[in-house]
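Reviewing the structure listed below.
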Amino acid sequence: MKLLEIFWDDIPYAVLAAAAVGTWWRYRYDKFGWTTRSSQIYESKLLSIGSPMFHFGSLAVILGHIMGLFVPEWLTRDIGMSDHIYHLQALLLGVPAGFATLIGIGLLVYRRRAYGPVYLSTTRNDKLMYFVLVCALVAGMCCTLAGATHFGELHDYRQKVSVWFRSIWILDPRGDLMAHAAFYYQIHVFIALALFALWPFTRLVHAFSAPIAYLFRPYIVYRSRDVADTPELIGTAPRRRGW
């Protein structure tokens, strides 16, 4: 058990180091490969269905993990949310998001197998990434369903996994908590750590280039070119209000 505690104490920092160094290396030496390597030109119908399901489902899953890992148990109780309500909303929101993500990635994987040109553009890293990602999603769904159906320790992840996760960031890791967590949570976390270690070396790295600034850019003002195309009318054409 002591070795297991040491493992959970040290492995998060090894993963963080691999992710940080790998991302720096990829950006420094492989800027042209910092892309999803779009295959839309080969097939677009399944892509238009699977990609939004996967991306929006993943976003909901990530937000759920942020709430579950970063928000302590005492805080939700202080605002009047009982443990039953907390786990109920996790079930009602997390399960549909997880299924949407799984269906989305299932369509994307099927698309890569069913269409020759798309399959030929799939690298070994892509195949490994898809496998680990699907395993992480399936393990996460099992954890959600197991906790919601009172199988195992109902509040285990909030009392152990979440506390262990937050202890990593204050440089005081509590590997003992993770070592005593339910086995299915340990599997899910281990697969998730493997995914983060692989992240910089796969197409998932494009997530760091998400066009966040697009949401805050100023409006584009379109103006008519009629007057500019007829210089003789400049100064005589009536001015219209607004854009």
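The values are calculated or read from the model by the stated rules, or taken from the named source; none is laboratory data. The structure displayed is predicted, hence computed values, not measured ones. With ideal geometry, Cβ positions are generated from the backbone for all residues, glycine too; neighbour counts draw on all protein chains shown. Protein only, heavy atoms only, side chains kept; ligands, DNA and RNA dropped before computing areas. Shrake-Rupley method; radii C 1.70, N 1.55, O 1.52, S 1.80 Å.
With a cut-off of 15 Å between beta carbons, the residues surrounding residue 10 carry a summed charge of -2, where Lys and Arg count +1 and Asp and Glu -1.
Accessible surface for residue 172 stands near 90 Å², nearest 10, in the context of the full protein assembly shown (1.4 Å probe).
For residue 120 and residue 13 in one chain, what is 0.36 nm times their gap in residues minus the Cα-Cα distance, to one decimal in nm?
Full extension from residue 120 to residue 13 adds 34.9 nm.
Couplings 3J(HN,Hα) of the range 78-88, computed from phi: 5, 8, x, 9, 6, 4, 5, 5, 4, 6, 5 Hz, in residue order, whole Hz [Karplus 6.51 cos²θ - 1.76 cosθ + 1.60, θ = phi - 60°; x for Gly and Pro].
Each listed q (0.12 Å⁻¹) maps to a log10 I(q)/I(0) for the range 62-119 from the Debye sum over equal C-alpha point scatterers, namely -0.45. Working from label points 7 Å from Cα in the Cα-to-Cβ sense, the residue 79 to residue 62 distance is 2.1 nm.
Multiplying the residue separation of residue 55 and residue 93 by 0.36 nm and subtracting their alpha-carbon distance yields 12.1 nm.
Please give me the summed charge of the neighbours of residue 165: other residues whose Cβ is under 11 Å from its Cβ, Lys and Arg +1, Asp and Glu -1.
Combined, the nearby Lys, Arg, Asp and Glu give +4.
Placing 77, 166 in order of accessible area, with the largest value first and a 1.4 Å probe, yields 77, 166.
Computed with a 1.4 Å probe over protein heavy atoms only, the accessible area of residue 199 comes to about 50 Å². Each part gets one Cα centre, and for the range 53-103 versus the range 1-23 those centres are 25 Å apart. Solvent-accessible area of residue 34, all protein chains in place: 40 Å² (probe radius 1.4 Å, heavy atoms, ligands and nucleic acids excluded).
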